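S.K.: Before I ask anything, let me first share the structure, which is written out below as structure tokens.
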Amino acid sequence: MGLESKLINDGFFTTTVDAMAAWARESSVWPMPMGISCCAIEMMASGDPKYDISRFGSEVMRFTPRQCDLMIVAGTVTYKMAHVVKKIFDQMPEPKWVIAMGACTSTGGMYRSYNVVQGIDQFLPVDIYAAGCPPRPENLLNALMQIQDKIGKTRVKDFPDPPHTSIDEKQGELSLSKN
Amino acid sequence: MQKLTKDDVHPKIVQALLGTNVHITIDDALENEMILNMGPQHPATHGVLRLLLRLDGETVIACVPELGYLHRGYEKMAENMSYLEFIPHTDRLDYISPPANNVAYALAVEKLAGITAPPRAQYIRMLLAELARMCSHLVAIGALAMDVGALTVFLWGLREREKILDFFDVICGARFTTSYTRIGGVASDVTSDTMKNIISFIDQFEEKFDEMERLLNGNRIFIERLEGVGVINKEDAIDLGFTGPNIRASGVEFDLRRATPYLFYNEMDFNIPVYTEGDCLARYFVRADELRESAKIVRQVIDKIPNGEVMLNSPKKVLPRKTEIYTKMEELIHDFMIVNFGINPPVGEVYHAVENPKGVLGFYIVSKGEGHPWKMKIRSPSFANIQAIPHLVKGQMISDVVAIVGSIDPIMGEADK
Amino acid sequence: MKELLKDKLTGQFTTVQFEFIEQFDELTLKFDKSAIVNVCAFLKDEDGLKFNFCEDVTAIDWATRKNRFTVVYHIFSMENKFRLCLKVDVDESECSVESVSSIWKAANWAEREAYDMYGIIFLNHPDLRRMYMPEEFEYHPLRKEYPLMGIPGAIPLPKK
């Protein structure tokens with residue numbers, strides 16, 4: 001299966017750095033579970049023994065945004081929560097992707113009301129919209145596979161390093177004076 | 001080298017922390033208590049609960065919960081939609097146990113409209129509500145165990161929950177958000193095959209749950225993290241509006257299934273588990289015992305369920321069956337009227353509360369005789385339970401906050417509405 | 001229970017006008033808002049009544065009526081397993097009522113919620129702030145004049 005079957009003949013194979021990097025990226029998408037409401041329960045269910053998200057290399061749910069490259073926004077985003085979601089998204093390192101899980105996050109869904117953001121794409125760049133209220137775990141896995149397809153088509157030069165800023169420059173005067 | 005004292009060093013550190021353009025003066029910030037923000041995105045706050053904690057070292061001195069991160073405006077939406085349209089919204093209140101909320105809402109509207117569902121429908125409602133209670137408690141116990149470091153129980157709990165969700169899938173057509181009840185009955189009948197499967201599930205469940213319990217009850221870390229943590233006495237528990245398993249862990253035998261019986265709960269033989277310690281461990285034990293009692297009720301329901309209709313025959317109030325709508329004129333007109341103008345219950349106000357897995361869930365509906373409610377208020381158990389968190393966490397360690405929040409099992413969907 | 005309640009209340013409060021309404025097997029008690037704290041304290045502590053559990057406090061907006069709001073209290077007696085609904089009318093011009101959170105702690109948050117949603121001021125409340133909406137929000141969403149979809153721009157969104 002996979003790599004082993006290619007290696008069995010000659011013991012080596014040729015590929016491009018692009019393909020290698022994309023393959024590595026797509027097979028270990030670490031999600032940031034932005035569990036807000038009902039969809040979060042289905043997201044939990046997709047990690048349980050029956051659906052087993054680890055088959056896709058994504059069981060590593062990290063609750064700190066610094067270790068993640070996929071944000072699954074699972075649940076109704078209210079105006080008050082939108083600022084929190086945005087703040088967490090900004091803390092994720094590049095490259096990063098977003099799944100809008102469920103109808104509420106995609107369009108506001110059944111919540112046509114004064115406090116629900118009618119679609120998180122008003123403030124986040126969404127890659128995949130998963131349909132359902134909430135989507136079944138299978139559908140979340142499908143969304144994940146689509147993200148993997150999308151990542152598989154990327155190339156290394158798509159993600160240049162951000163311009164380098166040192167911590168000293170950013171915080172300048174905040175650093176401890178030595179005297 | 002000159003020896004520096006605290007008074008020389010601290011101002012410099014504080015100055016560096018604050019920067020130059022901040023107008024805060026602190027006498028000595030490094031000797032002071034600190035404010036810690038926990039949530040709204042935190043794995044142990046069960047959703048989007050935000051706790052502001054004032055700490056002295058690791059000890060919590062004060063706590064202020066902040067809600068509203070999931071305020072979806074249910075009560076406003078209810079005023080703008082018909083009674084039937086609101087049923088799917090009740091799923092998403094306490095989203096761990098949707099059928100129980102469906103039942104609570106349907107009972108409130110039926111009380112207002114002055115109708116009663118047929119006996120078979122009421123038994124099915126009881127069956128679904130108890131299965132939902134099992135779902136909820138499995139997740140609650142699993143999440144509590146996960147919060148204090150025992151992941152296996154959570155996965156085993158979800159495994160059993162999946163089996164129950166499969167039954168919901170067969171009965172309701174949806175595994176999670178069921179929207180199963182209708183005003184005057186339930187959407188569809190439960191076949192005898194499904195009931196047989198449920199019985200065989202219950203048979204193996206008791207064994208599986210024994211296994212889970214052994215994993216926890218023999219786990220010294222689990223016990224010591226919970227025992228004597230977050231104690232609340234009987235009077236405070238009542239005063240703060242605790243309900244459900246939480247109040248029964250404080251020694252109050254209060255269960256609306258017994259206090260004000262609804263459906264056919266007065267014909268069921270079950271115990272109300274009560275513990276007097278009032279700590280996190282007692283709240284876990286109550287849930288574990290209730291799981292067994294619910295399994296007992298499910299058995300009795302399937303044993304006693306009568307045959308008959310699952311929807312009431314009351315054309316002005318209850319939706320007719322789809323097969324009849326397509327073939328009969330009169331049913332078509334009734335369907336049109338109910339869908340477009342609503343069921344128009346009489347003018348009045350009704351409050352109906354039931355015992356949900358989390359506690360007392362009440363619906364207060366004010367009707368002006370129109371198709372949509374004039375006002376609807378949802379009395380949600382989690383809202384009142386969260387109110388007690390500042391009382392519970394005072395004087396505890398920061399790591400205990402996680403255990404306490406896990407043990408009272410709040411669901412923000414219904415707390416924020 | 002209903003008779004006992006009537007006797008006790010009319011015996012204790014001679015100056016307050018009580019209106020008893022029975023509907024759908026529920027007893028509702030309507031009276032003037034000035035007596036709310038005294039009546040609630042009496043209902044909680046009196047032997048034989050012991051309404052020790054406050055389930056809910058909410059309000060109704062009647063939109064066009066003279067006394068625009070009605071504040072509704074649902075209280076339950078665990079001893080007697082009996083539920084009672086209390087109602088007091090509040091006018092829009094004054095829009096305030098005494099808080100009962102000193103009697104039942106559970107009323108604390110429920111009153112904050114009613115304040116957030118309807119703008120009714122609960123006097124002597126220990127911590128009256130908004131429950132759900134952000135602090136800088138200007139409106140009270142459950143009032144009938146507030147539109148379902150809200151007022152655009154009332155709550156800001158983060159920039160893209």
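S.K.: Touching a Ser or Thr at 6+ places or on another chain (Cβ under 8 Å), assigned to a helix (DSSP H, G or I), more than 29 Å from A:GLY109 (Cβ to Cβ) and modelled with pLDDT of 85 or more - does that describe any residue in the range A:49-57?
M.R.: no
S.K.: Right, here's the next one. Within the range B:74-94, how many residues turn out to be open to solvent by 10 Å² or more (accessible area, probe 1.4 Å), within 12 Å of another protein chain (Cβ to nearest Cβ) and in a loop (DSSP other than H, G, I, E, B)?
M.R.: 5
S.K.: Another one. Are there any helices (runs of 4 or more DSSP H) wholly within the range B:226-294 with 2 or more residues that are among the aliphatic types (A, V, I, L, M), and if so which? Before you say what the answer is, go through the steps one by one.
M.R.: Numbers: elements: B:234-239, B:245-248, B:256-259.
In the range B:226-294, B:234-239, B:256-259 are the helices (runs of 4 or more DSSP H) which contain 2 or more residues that are among the aliphatic types (A, V, I, L, M).
S.K.: Determine if the range A:141-153 includes at least one residue that is touching a strand residue (DSSP E or B) at 6+ places or on another chain (Cβ under 8 Å) and part of a loop (DSSP other than H, G, I, E, B). Even if it seems obvious, please write down each step before you answer.
M.R.: Start the filter on the range A:141-153 by keeping residues that are touching a strand residue (DSSP E or B) at 6+ places or on another chain (Cβ under 8 Å), which leaves A:142-144, A:146-147, A:150-151.
Adding the requirement that they be part of a loop (DSSP other than H, G, I, E, B) leaves none.
Checked the range A:141-153: no residue is touching a strand residue (DSSP E or B) at 6+ places or on another chain (Cβ under 8 Å) and part of a loop (DSSP other than H, G, I, E, B).
S.K.: Considering the range B:178-196 alone, what residues qualify as being part of a loop (DSSP other than H, G, I, E, B) and open to solvent by 20 Å² or more (accessible area, probe 1.4 Å)? Walk me through how you get there before you give the answer.
M.R.: Narrowing the range B:178-196 to residues part of a loop (DSSP other than H, G, I, E, B): B:178-180, B:183-184, B:187-191.
Correct list: B:SER179, B:ALA187, B:SER188, B:ASP189, B:THR191.
S.K.: So in the range C:81-100, with the set limited to residues that are touching a helix residue (DSSP H, G or I) at 6+ places or on another chain (Cβ under 9 Å), within 12 Å of another protein chain (Cβ to nearest Cβ) and open to solvent by 10 Å² or more (accessible area, probe 1.4 Å), which one is nearest to C:HIS140 (Cα to Cα)?
M.R.: Among them, the one singled out is C:PHE82.
S.K.: If a residue has to be in contact with a Leu (Cβ under 8 Å, 6 or more places away or on another chain), assigned to a helix (DSSP H, G or I) and open to solvent by less than 10 Å² (accessible area, probe 1.4 Å) to count, how many in the range B:103-120 make the cut?
M.R.: Keep residues of the range B:103-120 that are in contact with a Leu (Cβ under 8 Å, 6 or more places away or on another chain), which gives B:103-104, B:107, B:115-118.
From the residues that got through so far, the ones that are assigned to a helix (DSSP H, G or I) too are B:103-104, B:107.
Imposing the further condition that a residue be open to solvent by less than 10 Å² (accessible area, probe 1.4 Å) reduces the set to B:103-104.
Residues meeting the conditions: 2.
S.K.: Separate question: Being open to solvent by less than 10 Å² (accessible area, probe 1.4 Å), free of Cβ contacts under 8 Å to residues at least 24 places away in the same chain and under 12 Å from the mean Cα position of the chain (by Cα) is the requirement here; does C:THR70 meet it?
M.R.: Numbers: open to solvent by less than 10 Å² (accessible area, probe 1.4 Å): yes; free of Cβ contacts under 8 Å to residues at least 24 places away in the same chain: yes; under 12 Å from the mean Cα position of the chain (by Cα): yes.
The answer is yes for C:THR70.
S.K.: Related question: Taking the range C:38-51 as the search range and keeping residues that are touching a residue at least 12 places away in the same chain (Cβ under 8 Å) and open to solvent by 40 Å² or more (accessible area, probe 1.4 Å), which one is farthest from C:LYS105 (Cα to Cα)?
M.R.: Taking the range C:38-51 as the starting set, the residues that turn out to be touching a residue at least 12 places away in the same chain (Cβ under 8 Å) are C:38-44, C:46, C:48-51.
Applying the additional criterion that residues be open to solvent by 40 Å² or more (accessible area, probe 1.4 Å) yields C:38, C:44, C:46, C:50.
Details: C:ASN38: 16, C:LYS44: 12, C:GLU46: 18, C:LYS50: 15 Å.
Within the range C:38-51, the match that is farthest from C:LYS105 (Cα to Cα) is C:GLU46.
S.K.: Filtering the range A:90-126 down to residues that are within 11 Å of chain C (Cβ to nearest Cβ) and assigned to a helix (DSSP H, G or I), which residue is least open to solvent (accessible area, probe 1.4 Å)?
M.R.: Out of the qualifying residues, it is A:ILE120.
S.K.: Turning to a different aspect of this structure: Condition first: in a loop (DSSP other than H, G, I, E, B), open to solvent by less than 30 Å² (accessible area, probe 1.4 Å), facing another protein chain (nearest Cβ under 7 Å) and at pLDDT 85 or above. Can you find one or more residues in the range C:101-108 that meet it? Explain how you work it out, then say what you get.
M.R.: So the first thing to find is which residues in the range C:101-108 are in a loop (DSSP other than H, G, I, E, B), and the list is C:101-106.
Among the residues that remain, those that are also open to solvent by less than 30 Å² (accessible area, probe 1.4 Å) are: C:101, C:103-104, C:106.
From the residues that got through so far, the ones that are facing another protein chain (nearest Cβ under 7 Å) too are C:104, C:106.
With at pLDDT 85 or above added as a condition, the list becomes C:104, C:106.
There is at least one residue in the range C:101-108 that is in a loop (DSSP other than H, G, I, E, B), open to solvent by less than 30 Å² (accessible area, probe 1.4 Å), facing another protein chain (nearest Cβ under 7 Å) and at pLDDT 85 or above.
S.K.: If you scan the range A:9-32, which residues turn out to be more than 13 Å from the chain's Cα centre (by Cα), in a loop (DSSP other than H, G, I, E, B) and of a type in the set (A, V, I, L, M, F, W, C)?
M.R.: To start, the set of residues in the range A:9-32 that are more than 13 Å from the chain's Cα centre (by Cα) comprises A:9-24.
Going one step further and asking which of them are in a loop (DSSP other than H, G, I, E, B), we end up with A:11-16.
Matches in the range A:9-32: A:PHE12, A:PHE13.
S.K.: Looking at B:ILE199 and the list (1) more than 26 Å from A:ASP52 (Cβ to Cβ); (2) at pLDDT 90 or above; (3) open to solvent by less than 40 Å² (accessible area, probe 1.4 Å), which single condition is not satisfied?
M.R.: It is condition (3) that B:ILE199 fails.
S.K.: Still on this structure, please answer the following. Look through B:LEU144, B:LEU70 and report the one residue that is open to solvent by less than 10 Å² (accessible area, probe 1.4 Å) and either on the phi > 0 side of the Ramachandran plot or within 10 Å of another protein chain (Cβ to nearest Cβ) (or both).
M.R.: Details: B:LEU144 fails: either on the phi > 0 side of the Ramachandran plot or within 10 Å of another protein chain (Cβ to nearest Cβ) (or both).
Step by step, each of B:LEU144, B:LEU70 is checked, and only B:LEU70 is open to solvent by less than 10 Å² (accessible area, probe 1.4 Å) and either on the phi > 0 side of the Ramachandran plot or within 10 Å of another protein chain (Cβ to nearest Cβ) (or both).
S.K.: Could you list all residues from the range B:156-168 that are open to solvent by less than 40 Å² (accessible area, probe 1.4 Å) and either without any contact (Cβ under 8 Å) to a residue 12 or more places away in the chain or under 19 Å from the mean Cα position of the chain (by Cα) (or both)? If you could, list the steps in order and put the result at the bottom.
M.R.: Residues of the range B:156-168 that are open to solvent by less than 40 Å² (accessible area, probe 1.4 Å), as a first pass: B:157-158, B:160-162, B:164-165, B:167-168.
Correct list: B:GLY157, B:LEU158, B:GLU160, B:ARG161, B:GLU162, B:ILE164, B:LEU165, B:PHE168.
S.K.: Additional query: Pairs only if they're at least six apart or on different chains, beta carbon under 8 angstrom, first in the range B:212-232 and free of Cβ contacts under 8 Å to residues at least 12 places away in the same chain, second hydrophobic (A, V, I, L, M, F, W, C) and open to solvent by less than 40 Å² (accessible area, probe 1.4 Å); list them, first residue then second.
M.R.: Between residues of the range B:212-232 that are free of Cβ contacts under 8 Å to residues at least 12 places away in the same chain and residues that are hydrophobic (A, V, I, L, M, F, W, C) and open to solvent by less than 40 Å² (accessible area, probe 1.4 Å), the close pairs are B:ASN217/B:ILE223.
S.K.: Of all residues in the range C:123-149, count the ones that are facing another protein chain (nearest Cβ under 7 Å), buried (at least 17 other Cβ atoms within 10 Å of the Cβ) and either in contact with a strand residue (DSSP E or B) (Cβ under 8 Å, 6 or more places away or on another chain) or within 21 Å of A:VAL85 (Cα to Cα) (or both).
M.R.: Looking only at that region, the number is 4.
S.K.: Within the range A:58-70, can you find the residues that are away from chain B (no Cβ under 11 Å) and either polar (S, T, N, Q) or open to solvent by less than 20 Å² (accessible area, probe 1.4 Å) (or both)?
M.R.: Selection gives A:SER58, A:GLN67, A:CYS68, A:LEU70.
S.K.: State which residue is nearest to B:VAL354 (Cα to Cα) when the search covers only the range C:44-78 and only residues that are part of a loop (DSSP other than H, G, I, E, B) and among the aromatic types (Phe, Trp, Tyr).
M.R.: Going through the range C:44-78, the residues part of a loop (DSSP other than H, G, I, E, B) turn out to be C:46-52, C:62-68, C:78.
Next, only the ones that are among the aromatic types (Phe, Trp, Tyr) stay: C:51, C:62.
Values: C:PHE51: 18, C:TRP62: 27 Å.
The extreme case among them is C:PHE51.
S.K.: Tell me which of these A:TYR79 doesn't satisfy, since it passes every other one: (1) at the interface with another protein chain (Cβ under 9 Å from one of its Cβ atoms); (2) farther than 19 Å from A:PRO134 by Cα; (3) modelled with pLDDT under 85.
M.R.: A:TYR79 satisfies all of (1) at the interface with another protein chain (Cβ under 9 Å from one of its Cβ atoms); (2) farther than 19 Å from A:PRO134 by Cα; (3) modelled with pLDDT under 85 except (3).
S.K.: Separate question: I need the full set of residues from the range B:360-417 which are more than 9 Å from chain C (Cβ to nearest Cβ), at negative phi and under 12 Å from the mean Cα position of the chain (by Cα), in order please.
M.R.: Those that are more than 9 Å from chain C (Cβ to nearest Cβ), at negative phi and under 12 Å from the mean Cα position of the chain (by Cα): B:LEU361, B:SER380, B:PRO381, B:SER382, B:ASN385, B:ILE408, B:PRO410, B:ILE411, B:MET412, B:GLY413, B:GLU414, B:ALA415.
S.K.: Do we have any residue at all in the range B:49-57 that's of a type in the set (Asp, Glu) and surrounded by fewer than 24 Cβ atoms within 10 Å (Cβ to Cβ)?
M.R.: Filtering the range B:49-57 for residues of a type in the set (Asp, Glu) gives B:56.
Within this subset, residues satisfying the condition of being surrounded by fewer than 24 Cβ atoms within 10 Å (Cβ to Cβ) are B:56.
Checked the range B:49-57: at least one residue is of a type in the set (Asp, Glu) and surrounded by fewer than 24 Cβ atoms within 10 Å (Cβ to Cβ).
S.K.: Given the conditions (1) out of contact with any Phe, Trp or Tyr (no Cβ under 6 Å at 6 or more places or on another chain); (2) more than 14 Å from every other protein chain (Cβ to nearest Cβ); (3) open to solvent by 10 Å² or more (accessible area, probe 1.4 Å), report the number of the one that B:ILE272 does not fulfil.
M.R.: Going through (1) out of contact with any Phe, Trp or Tyr (no Cβ under 6 Å at 6 or more places or on another chain); (2) more than 14 Å from every other protein chain (Cβ to nearest Cβ); (3) open to solvent by 10 Å² or more (accessible area, probe 1.4 Å) one by one, B:ILE272 breaks only (2).
The values are calculated or read from the model by the stated rules, or taken from the named source; none is laboratory data. The structure displayed is predicted, hence computed values, not measured ones. All Cβ positions, even for glycine, are placed from backbone atoms using ideal geometry, and neighbour counts span all protein chains on display. Note: accessible area is taken over every heavy atom of the protein model, side chains too, but ligands, DNA and RNA are not part of it. Shrake-Rupley method; radii C 1.70, N 1.55, O 1.52, S 1.80 Å.
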